[in-house]
Amino acid sequence: MISETEVLDIKEKRNVLVVGGAGFIGSHTVEGLIERGYEVLVFDNLSTGSLKNLESVKDKITFINGDVNDYKQISAVFQENSFNYVFAYAAVVGVQRTLTDPINVLNDIEGIKNILRLSKANKIKQIFFSSSSEVYGEQIHFPLHEEHTPLNSRLPYAVVKNLGEVYLKAYQKHHGLNFTIFRFFNTYGPRQSEDFVITKFIKQALKNEDIEIYGEGNQTRTFLYVKDNVEACLNAMGNKAAMNNVINIGGPEEITISQLAAKIKALTESSAEIRKVAPLEEGDMQRRKPAVEKMKSVLFGKEPISIEEGVRKTIDYFKSKN
């Protein structure tokens, strides 16, 4: 179990580098760090992120536009600043995007290596790495547990995340560089791009367009509201039990995609039709249900908000943007 009493004193220096901090989860993480009093530098090439995501904290952070896969660019950031913690959240994301451009996905390996090399040289206290549920592949044993489930996915995105985890563990073993690996399951909320399932369904419903589900819609997923994701991850900072550990970050409620579509249609009071389209050729796993005991322990017993409440908040956000 991970408890509040195991949190180390991390208040003496509060400088944090967030690589990929202009993305969806990254930007919410930056906001959470600012709320907790950290000094934050965001490094992002804006390939999938946006400065608009950082609008609420733009006067409280330092932002540098750069590519973590370019060693010269990221090494200059380390040379000119002093960090204690690094969030390695930069990645090409989205199943379809990563299948369409697998070479670009594989390039992210260089960014992981650059972060580790520089963190070792600069004596970073702890690296936080955004891995993914995709590393589990198609499994038959549920829930998906951090220690007991083999990692077998063949997708380029999953292979890169798996390799990133291996690098982190190797650096810890040989150089004493501390890490926490977050295996993100479906996270949703304000500012998420429209090519992810909940935001895609909401946008379609609000426009009264067909809500498209792949195949029969019997695939199951769990969903976690982004603020719960951020709280769990930030609570892992300096936490001795979270150190050099792997933690699933995901929702506890399992729901089918067809049920999700119906729920969003009802909550938006939409006249949209739910329409079945051809299944994806690959990458659409039939079931995703994480073991969340570790995540709940870093939330210190707090239950994540329900999917209904989180979807309502996300609907309100997108309505405010129309």
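Some observations on this one:
- Qualifying residue in the stretch 142-161 (condition: closer than 19 Å to T187 by Cβ and assigned to a strand (DSSP E or B)): yes
Residue-wise test of (1) touching a Phe, Trp or Tyr at 6+ places or on another chain (Cβ under 7 Å); (2) under 28 Å from R287 (Cα atoms); (3) of a type in the set (S, T, Y); (4) assigned by TED's automatic domain parsing to the domain that holds Q286.
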residue	(1), (2), (3), (4)
S50	no, no, yes, no
K60	no, no, no, no
F78	no, no, no, no
Y89	no, yes, yes, no
L106	no, yes, no, no
E134	yes, yes, no, no
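- Subset tally (residues that are assigned to a strand (DSSP E or B) and over 9 Å from the mean Cα position of the chain (by Cα)) for the stretch 170-183: 3
- Each residue in the stretch 98-124 was checked for being farther than 20 Å from S47 by Cα and touching a helix residue (DSSP H, G or I) at 6+ places or on another chain (Cβ under 9 Å), and 8 pass.
- Subset of the stretch 195-213 (residues that are farther than 19 Å from R288 by Cβ and part of a helix (DSSP H, G or I)): I202, K203, Q204, A205, L206
- Those residues of the stretch 34-93 which are surrounded by 17 or more Cβ atoms within 10 Å (Cβ to Cβ), within 10 Å of A22 (Cα to Cα) and over 18 Å from the mean Cα position of the chain (by Cα), in sequence order: F63
- In this entry, E165 is excluded by the filter for residues that are part of a helix (DSSP H, G or I), among the charged types (D, E, K, R) and within 26 Å of S306 (Cα to Cα).
- Figure legend. Inter-residue proximity from the stretch 258-279: first residues under 19 Å from K313 (Cβ atoms), second residues in a loop (DSSP other than H, G, I, E, B), beta-carbon distance below 7 Å, spacing 6+ or different chains. Indicated pairs: A261/G217; K265/A272; S270/N208.
- Here is the figure for the stretch 201-211: residues that are touching a strand residue (DSSP E or B) at 6+ places or on another chain (Cβ under 8 Å) and of a type in the set (K, R) total 0.
- Meets criteria (of a type in the set (D, E), in a strand (DSSP E or B), more than 21 Å from the chain's Cα centre (by Cα) and surrounded by fewer than 21 Cβ atoms within 10 Å (Cβ to Cβ)) for E216: no
- Which numbered condition M237 misses (of (1) closer than 24 Å to E31 by Cα; (2) at pLDDT below 95; (3) outside any loop (DSSP other than H, G, I, E, B)): (3)
Table: residues versus (1) crowded, with 20+ Cβ neighbours inside 10 Å; (2) more than 19 Å from the chain's Cα centre (by Cα).
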position: Y157; (1), (2): yes, no
position: K161; (1), (2): yes, no
position: G164; (1), (2): yes, no
position: F185; (1), (2): yes, no
position: Y188; (1), (2): yes, no
position: E194; (1), (2): no, no
position: A205; (1), (2): yes, yes
position: N208; (1), (2): no, yes
position: R221; (1), (2): yes, no
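- Unique residue being at negative phi, among the acidic types (D, E) and not assigned by TED's automatic domain parsing to the domain that holds E55 when the list is E216, E146, E165: E216
- Here V277, V230 are screened, and the one residue that is β-branched (V, I, T) and not assigned by TED's automatic domain parsing to the domain that holds V18 is V277.
- Remark: pairs (first residue in the stretch 62-81, modelled with pLDDT of 95 or more; second residue aromatic (F, W, Y); Cβ separation under 6 Å; 6+ apart in sequence or on different chains) = I64/F43; G66/F43; V77/F43.
- Of the residues making up the stretch 283-303, at least one is out of contact with any strand residue (DSSP E or B) (no Cβ under 8 Å at 6 or more places or on another chain), closer than 20 Å to E212 by Cα, touching a residue at least 24 places away in the same chain (Cβ under 8 Å) and not aromatic (F, W, Y).
- Elements of type strands (runs of 3 or more DSSP E) contained in the stretch 244-285, each with 2 or more residues being exposed (fewer than 14 other Cβ atoms within 10 Å of the Cβ): 274-277
The values are calculated or read from the model by the stated rules, or taken from the named source; none is laboratory data. Quick caveat: nothing in here was measured; it's all calculated off a predicted structure. Every residue, glycine as well, gets a Cβ built from its backbone with ideal geometry; the counts of neighbours run over all protein chains shown.
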